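Take a look at the structure set out below.
The values are calculated or read from the model by the stated rules, or taken from the named source; none is laboratory data. Worth saying up front: this structure is predicted, and the values here are computed from it rather than measured. Note that each Cβ is placed from the backbone with ideal geometry, even for glycine, and that neighbours are counted across all protein chains shown.
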Amino acid sequence: MDEAILAAVITTLRLAGTTTAILFVIGVPLAWWLAQHGSRGKLAIEAIVALPLVLPPTVLGFYLLIVLGPQGPLGDLWINWLGHPLAFTFSGLVIASCLYSLPFVVQPLQAAFESLDRHTLEAAWTLGASPWRAFWNIAVPQARRGFLIAAVLGFAHTVGEFGVVLMVGGNIAGETQVISIAIYEQVETLNYQAAHRLSAAMIVFSFIVLLAVYSWNRRQAGWWR
Amino acid sequence: MSHIQAALALQRGAFELDVNIELTAGAITALLGPSGSGKSTILRALAGLQTPTRGNIRHAEQTWCDTVRRIWLSPQRRRCGVVFQDYALFDHYTVAQNIGYGVPAAQRQMQVNNWLERLDLVRVAGHYPAQLSGGQRQRVALGRALAMEPQLLLLDEPFSAVDFALRHRLRVELRELVERTQFPILLVSHDLDEVRQLAAQVYVLDDGRVLQSGVVEEVFAQPATLRVAEIVGWKNLLPVKHLRAGIAYGAWGALAVHAREGRGGWVGVRPEHLTIAAASPGLLHATLRHITDLGPVRELTCVTADGTHLYVLQTWRFVVPRLGETVVLSAAPEHLRYWQEDEHFMIAETHTI
């Protein structure tokens with residue numbers, strides 16, 4: 001495996017890991033709010049969260065490019081603040097991935113929170129537990145499968161993204177070149193052997209991860225029964 | 001001695017609740033009424049899980065809620081032990097962890113051991129709720145509520161999820177457990193036996209209003225209105241056309257009552273106070289239609305000539321007439337209640353015999 005490919009693998013894992021972590025910080029409170037409230041504003045936010053599911057990645061990528069670019073509001077702010085642009089950088093890629101993978105983290109969490117036994121939370125409150133404590137030791141354990149599915153889907157979906165990355169990240173080796181882009185480049189340059197190796201590795205990696213997760217999930221399902 | 005006083009008004013859609021409730025320490029007060037009468041809403045408001053539109057709740061010198069003075073104490077600060085209908089146990093915690101959840105860390109070990117012992121749960125202390133029997137789950141829920149040393153204990157239909165055989169034993173256990181408590185206990189129920197066995201005071205609720213309240217025996221023996229009679233298990237309620245010389249007349253026959261003269265209304269008698277005899281001179285004739293085995297007693301269903309059903313409870317010693325035979329029914333006048341037409345104006349429409 002040459003260095004460029006190794007760099008692409010590392011970039012991909014870094015991107016997926018960072019994105020999943022950030023999405024948990026944003027997604028858990030958002031999913032909790034969506035699950036607990038029934039206002040009209042909720043529907044609009046639910047629709048916005050689900051947008052990346054239906055939009056072509058290029059649409060999202062195009063507007064992100066505008067917003068993140070040096071002339072864009074966020075890009076401009078970033079240059080003033082940190083001295084370098086956002087588009088075609090790893091940070092820009094993380095922002096794009098967070099938007100792109102948002103529904104894959106929020107929706108399983110929201111579904112898990114909605115199916116919580118509300119009485120157990122209320123029981124915890126009457127027993128003196130603060131909403132925060134009740135959330136951590138009553139809601140989270142009940143929703144743990146939702147957390148697992150959200151993490152796996154968020155991570156896997158980020159590993160598998162292509163269009164948005166291409167639009168806002170370009171193809172800078174060691175910085176923004178992820179595996180999917182590297183494969184695309186190998187195919188473009190008719191280097192089928194390298195493309196094969198990478199693609200096969202992706203399939204094996206994804207399969208092993210999913211298998212591990214599913215078997216863990218199955219054992220988890222009944223650990224207190 | 002702590003004491004709870006609550007005035008609660010709440011409106012949600014077409015449902016309107018407006019009640020005054022008083023709970024005394026060391027006794028069980030029951031809220032009795034059909035589903036949808038507002039029992040659970042009152043319980044939730046006392047626990048702080050629901051905000052009333054108007055009203056106040058006072059516990060001894062402390063105000064838990066006052067909508068005028070904008071006081072609202074969170075459920076965390078009220079220390080109300082709640083036993084939910086479905087128990088709401090924490091499935092991922094052991095029995096011991098469930099019981100200790102509401103206890104400060106310093107006393108946890110001691111309190112948990114104490115309640116495991118008292119509730120006969122020592123052997124299953126390390127089990128998870130899914131591994132327990134129905135009765136054990138119920139005791140864990142009770143232990144969890146009691147271990148935090150509550151200022152008020154709220155029981156929401158606590159026996160509805162256990163089978164009949166176990167229910168009686170658990171009720172006896174509960175009564176022994178709460179006999180020496182220093183806090184008030186509220187029991188929400190629609191089970192008459194449960195209220196009779198456990199409660200000292202009762203509030204009879206219907207459609208968000210208190211119809212009658214007082215000592216359980218008195219309310220059950222002297223329902224103020226026809227609707228209360230219906231709710232507290234007076235199965236025999238008969239429409240009266242007129243009352244003359246101490247006899248109430250209806251299409252079903254006649255019965256001697258204490259009142260002398262009166263207009264139309266209703267007369268009621270509990271199944272255990274109706275006596276049955278083989279055909280002989282009498283005021284109320286009926287045909288014996290069914291005999292239902294209720295365990296310690298039998299319920300006899302009799303039908304009068306106009307199709308009115310009457311229910312009689314008899315012990316096993318009583319020699320029952322044969323099915324299809326004509327019988328005479330009677331009751332001592334002191335066990336009969338007579339309500340004049342205008343006394344039951346609020347329920348006349350909903351009542352059918």
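Each row is one residue, and each column tells you yes or no for (1) more than 27 Å from B:E299 (Cβ to Cβ); (2) free of Cβ contacts under 8 Å to residues at least 12 places away in the same chain; (3) not hydrophobic (A, V, I, L, M, F, W, C).
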{"site": "B:V162", "(1), (2), (3)": "no, no, no"}
{"site": "B:E176", "(1), (2), (3)": "yes, yes, yes"}
{"site": "B:F183", "(1), (2), (3)": "yes, no, no"}
{"site": "B:R196", "(1), (2), (3)": "no, no, yes"}
{"site": "B:Y203", "(1), (2), (3)": "yes, no, yes"}
{"site": "B:Q212", "(1), (2), (3)": "no, no, yes"}
{"site": "B:V219", "(1), (2), (3)": "no, no, no"}
{"site": "B:G253", "(1), (2), (3)": "no, no, yes"}
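Residue-level analysis places B:V219 outside the set of residues that are outside any helix (DSSP H, G or I) and not assigned by TED's automatic domain parsing to the domain that holds B:A331.
What are the residues in the range A:182-194 that are more than 14 Å from A:F162 (Cβ to Cβ) and surrounded by 15 or more Cβ atoms within 10 Å (Cβ to Cβ), if any? Selection gives A:A194 alone. Taking each residue of the range B:294-307 that is under 17 Å from B:S330 (Cα atoms) and in the same structural domain as B:V328 (by TED's automatic domain parsing) and looking for partners that are among the basic types (K, R) and part of a strand (DSSP E or B) with beta-carbon atoms closer than 7 Å, six or more apart or interchain, yields B:T301/B:R289; B:C302/B:R289; B:V303/B:R289. When the residues of the range A:111-126 are filtered to those that are of a type in the set (S, T, Y) and in a helix (DSSP H, G or I), the one that is surrounded by the fewest Cβ atoms within 10 Å (Cβ to Cβ) is A:T120. Here B:R118 meets each of (1) more than 13 Å from chain A (Cβ to nearest Cβ); (2) buried (at least 16 other Cβ atoms within 10 Å of the Cβ); (3) out of contact with any helix residue (DSSP H, G or I) (no Cβ under 8 Å at 6 or more places or on another chain) with one exception, condition (3).
Of all residues in the range B:276-310, those that are more than 15 Å from B:E325 (Cα to Cα) and hydroxyl-bearing (S, T, Y) total 2.
For the range B:38-62, taking the residues that are more than 22 Å from the chain's Cα centre (by Cα) and small (G, A, S), the one that is nearest to B:F84 (Cα to Cα) is identified as B:G48. The residues in the range B:121-137 that are away from chain A (no Cβ under 14 Å) and over 17 Å from B:V103 (Cα atoms) can be counted, and the count is 7. If you go through the range A:33-65 and keep only what is surrounded by 13 or more Cβ atoms within 10 Å (Cβ to Cβ) and under 17 Å from the mean Cα position of the chain (by Cα), you end up with A:E46, A:V49, A:A50, A:L51, A:P52, A:L55, A:P57, A:L60, A:G61, A:L64. Looking at B:R44, B:R70, B:R58 in this structure, which one is free of Cβ contacts under 8 Å to residues at least 24 places away in the same chain, among the basic types (K, R) and under 27 Å from B:Q212 (Cβ atoms)? Every option except B:R44 fails the conditions. When restricted to residues that are more than 10 Å from chain B (Cβ to nearest Cβ) and surrounded by 15 or more Cβ atoms within 10 Å (Cβ to Cβ), the range A:130-139 contains 2. Looking across the range B:92-115, just one residue is under 15 Å from A:A129 (Cα atoms), exposed (fewer than 15 other Cβ atoms within 10 Å of the Cβ) and of a type in the set (A, V, I, L, M, F, W, C), and that is B:A105.
The strands (runs of 3 or more DSSP E) found entirely in the range B:17-107 that carry 2 or more residues being away from chain A (no Cβ under 14 Å) are B:28-32, B:54-59, B:62-66. Restricting the first member to the range A:135-146 and to residues that are closer than 16 Å to A:W125 by Cβ and free of Cβ contacts under 8 Å to residues at least 60 places away in the same chain, and the second to residues that are among the small types (G, A, S) and surrounded by fewer than 17 Cβ atoms within 10 Å (Cβ to Cβ), the beta-carbon pairs closer than 9 Å and six or more apart or on different chains are A:Q142/A:S115.
For B:F84, the conditions (1) over 25 Å from the mean Cα position of the chain (by Cα); (2) at pLDDT below 95 are fulfilled apart from (1). Evaluating A:C98 against the criteria (1) more than 14 Å from chain B (Cβ to nearest Cβ); (2) not in a helix (DSSP H, G or I) leaves one unmet condition, (2).
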